[in-house]
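Input: a single structure, listed below in structure tokens.
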Amino acid sequence: ASPHRPPPPCLHVPCATLLTRPSMAAARELVIWRGSQFSSKAIAALRVKGFLPIQDYKLSSAPMGLEERKKLLPAPYTVPLLRWDGEVVAGSDEICAFLDERVAEPLLYPAAHEGEVRRLERAASDLYWVNGWLSTVDAAGFERWSGARVRKYVSGGGAGVGPRLLFKALPGSITSRMIHGVAKKSYLATLRRRGAELGGETGAACLRLAAERDTAAVMEEARAMLRVFDRELQASATEFFCGASEPTAADLTLYGMLERWLGNSLCPGLNGPAQPSVIDGMPGLSLAWERMHERFQRDCTLSELDDFADITTSVGDVTWSQKG
């Protein structure tokens, strides 16, 4: 979308947004990873509130290396992270709460259903690990989601001279298997590390997935989780949770997961759908997905961004939290 195009008339733009929109403020920046489920959620939340990337805030990325991120980001050293008019807000849930404080309508946590929206938001966040498994550990899912993008990155020298030369010397089928092997090993190591760190039910789920190699079993686990949301959406008076007229924070969490499985992670031409059949037979989810994907794809495409680069200076400590 052109950074100068006005919001389509069918999308609600809050008056507060128009009143507080800066010319192009370095004071407003969202730090993301392209392809990240929770980054997609944060971008979509800003769009629901009437803010467009590039036009209303800057998009930057964070380094992939943990030690590098520790020098630049507050704990837990991950994205998304929002810098907004002097405030630093970390995490997509916190960003949604912050936006509700700054721009009243439409609420991402509608007052009459706040508890239920937060319950559904947490449940949708639990999809994160099976979502990652089915787009990284599963070879076919990885290829559909980011195989071409990663091959282009390596062949262009993004991973260094050695991998680029190796890429040119070996047949494509071999280099594709090698690239997937590296991605798979890294994600399984993350599952084991996070499993040990998190403990409890979530930690146990991570450790179980780290040992799992059966794609069909993980797919059925994901579909069983998704059927719960499908029933909730079919029971809703609108295509969103709790009869909301606009996507809630729970809808947007689900959207971030579905964008990885069914869409292109807001990066057409770079990413593809990891698991395009994952919500087959789920009409409530299908309708919600179609509505949100069409809206956010139109206004929030991340494929070609001018000056999109890693941050190089520390953002400082978190200054705003809904916990106080």
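The values are calculated or read from the model by the stated rules, or taken from the named source; none is laboratory data. Note that the structure is predicted; figures quoted are calculated from it, not measured. Using ideal geometry, Cβ is built from the backbone for each residue, glycine included, and neighbour counts are taken over all protein chains shown. When the accessible area is computed, the model is the full protein with side chains, heavy atoms only, and any ligands, DNA or RNA have been set aside. Shrake-Rupley method; radii C 1.70, N 1.55, O 1.52, S 1.80 Å.
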In this structure, is MET225 open to solvent by 10 Å² or more (accessible area, probe 1.4 Å), touching an Asp or Glu at 6+ places or on another chain (Cβ under 9 Å), aliphatic (A, V, I, L, M) and closer than 27 Å to CYS300 by Cβ?
yes
The residue from ARG193, ARG231, ARG213 that alone is surrounded by fewer than 16 Cβ atoms within 10 Å (Cβ to Cβ) and farther than 18 Å from TRP129 by Cβ is ARG231
For region 90-109, enumerate the residues that are closer than 15 Å to VAL315 by Cα and surrounded by fewer than 24 Cβ atoms within 10 Å (Cβ to Cβ).
GLY91
Which of the residues spanning region 59-89 are assigned to a loop (DSSP other than H, G, I, E, B) and surrounded by 15 or more Cβ atoms within 10 Å (Cβ to Cβ)?
ALA62, PRO63, LEU72, LEU73, PRO74, TYR77, THR78, VAL79, PRO80
Within the set of pairs 6 or more residues apart or between chains, which connect a residue that is more than 14 Å from LEU262 (Cα to Cα) and of a type in the set (Gly, Ala, Ser) inside region 132-143 to a residue that is open to solvent by 20 Å² or more (accessible area, probe 1.4 Å) and assigned to a helix (DSSP H, G or I) with Cβ atoms less than 7 Å apart?
ALA139/HIS180
Go through region 276-324 and give me each residue that's among the basic types (Lys, Arg) and surrounded by fewer than 16 Cβ atoms within 10 Å (Cβ to Cβ).
ARG298, LYS323
What's the number of the condition GLY147 fails, among (1) touching a helix residue (DSSP H, G or I) at 6+ places or on another chain (Cβ under 7 Å); (2) closer than 29 Å to GLU94 by Cβ; (3) outside any loop (DSSP other than H, G, I, E, B)?
(2)
Looking only at region 196-210, count how many residues are open to solvent by less than 50 Å² (accessible area, probe 1.4 Å) and either on the phi > 0 side of the Ramachandran plot or of a type outside the set (A, V, I, L, M, F, W, C) (or both).
2
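Being under 25 Å from PHE142 (Cα atoms), among the aliphatic types (A, V, I, L, M) and at pLDDT 95 or above narrows it down to one of VAL88, VAL79, so name that one.
It is VAL79.
Have a look at TYR153, TYR128 and point out the one that is open to solvent by 60 Å² or more (accessible area, probe 1.4 Å), under 23 Å from LEU198 (Cα atoms) and not aliphatic (A, V, I, L, M).
TYR128
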Checked region 28-77 for anything touching a residue at least 24 places away in the same chain (Cβ under 8 Å) and charged (D, E, K, R); matches are ARG28, GLU29, ARG34, LYS41, ARG47, LYS49, ASP56, LYS58, LYS71
So which residues in region 38-56 are in contact with an Asp or Glu (Cβ under 7 Å, 6 or more places away or on another chain) and either assigned to a loop (DSSP other than H, G, I, E, B) or open to solvent by 10 Å² or more (accessible area, probe 1.4 Å) (or both), if there are any at all?
LEU52
Could you tell me how many of the residues in region 241-262 are open to solvent by 10 Å² or more (accessible area, probe 1.4 Å) and not in a helix (DSSP H, G or I)?
3
Run down ASP299, ASP310, ASP280 and say which single residue is on the phi < 0 side of the Ramachandran plot and modelled with pLDDT under 95.
ASP299
So which residues in region 159-185 are open to solvent by 40 Å² or more (accessible area, probe 1.4 Å), free of Cβ contacts under 8 Å to residues at least 24 places away in the same chain and under 25 Å from the mean Cα position of the chain (by Cα), if there are any at all?
ALA159, VAL182, LYS185
I need the full set of residues from region 214-223 which are over 21 Å from the mean Cα position of the chain (by Cα) and in a helix (DSSP H, G or I), in order please.
THR215, ALA216, ALA217, GLU220
Going through LEU270, LEU266 one at a time, which residue ends up being open to solvent by less than 30 Å² (accessible area, probe 1.4 Å) and over 24 Å from ARG227 (Cβ atoms)?
LEU266
Looking at THR175, THR136, which one is over 29 Å from GLY195 (Cβ atoms), part of a helix (DSSP H, G or I) and touching a Ser or Thr at 6+ places or on another chain (Cβ under 9 Å)?
THR175
Sole miss for LEU30 among (1) closer than 28 Å to TRP133 by Cβ; (2) in a strand (DSSP E or B); (3) open to solvent by 10 Å² or more (accessible area, probe 1.4 Å) is condition (3)
